[in-house]
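The values are calculated or read from the model by the stated rules, or taken from the named source; none is laboratory data. These numbers were taken from a predicted model, which means no experiment stands behind them. Using ideal geometry, Cβ is built from the backbone for each residue, glycine included, and neighbour counts are taken over all protein chains shown.
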Amino acid sequence: FRQASSAFDPSTVDMGIKSTWCNDNTNFCNNVCLNMTWGAPINDGCEASNLQWHCTCGNGKNPDPDIYTFPVMHYTCQHEVQQCQDHCSTGDIRCTQECQGDRNCTA
């Protein structure tokens, strides 16, 4: 299983939202495996309670998360940035930029 992020606390997100994130992640795994012609996933899943997930294609390969931004990774990154920015004072551009830091939430 892969975890969303070492600093991310899944309990800060509503269970319904986490379920949606997991569904998106499972669909993404299926699409990546089929588009790479690696075969339909033989082991894909996501546990909404802790957002741990995995994706193994039919040929046994796992799509590289350094190349593919899986939805759970994207959503948790955005959530972390937003949580940080919520603590910034209104109009504090420096604070909001520091929250983004070196995070790349690109999907």
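Looking at this structure, is Met15 aliphatic (A, V, I, L, M) and closer than 16 Å to Thr76 by Cβ?
In short, yes.
So which residues in the range 14-60 are of a type in the set (Val, Ile, Thr) and at pLDDT below 95, if there are any at all?
Across the range 14-60, the qualifying residues are Thr37, Ile42.
Mind checking which pairs have a first residue in the range 41-65 that is in contact (Cβ under 8 Å) with a residue 24 or more places away in the chain and on the phi > 0 side of the Ramachandran plot and a second that is of a type outside the set (Val, Ile, Thr) and part of a strand (DSSP E or B), Cβ under 6 Å, 6 or more apart or different chains?
Within 6 Å, no pair qualifies.
Restricting the range 4-46 to residues that are part of a strand (DSSP E or B) and of a type outside the set (S, T, N, Q), which is surrounded by the most Cβ atoms within 10 Å (Cβ to Cβ)?
Only one residue fits best here, namely Cys46.
Give the residues of the range 55-102 that are surrounded by 13 or more Cβ atoms within 10 Å (Cβ to Cβ) and among the basic types (Lys, Arg), sorted by residue number.
Hit for the range 55-102 is Lys61, nothing else.
Find all pairs meeting these conditions: Cβ atoms under 9 angstrom apart; at least six residues apart or on different chains; first residue within the range 84-107 and on the phi > 0 side of the Ramachandran plot; second residue among the β-branched types (Val, Ile, Thr) and not in a loop (DSSP other than H, G, I, E, B).
Gly101/Val81
Can you pull out the residues in the range 47-65 that are closer than 30 Å to Thr12 by Cα, assigned to a loop (DSSP other than H, G, I, E, B) and not charged (D, E, K, R)?
Scanning the range 47-65 gives Ala48, Ser49, Asn50, Leu51, Asn62, Pro63, Pro65.
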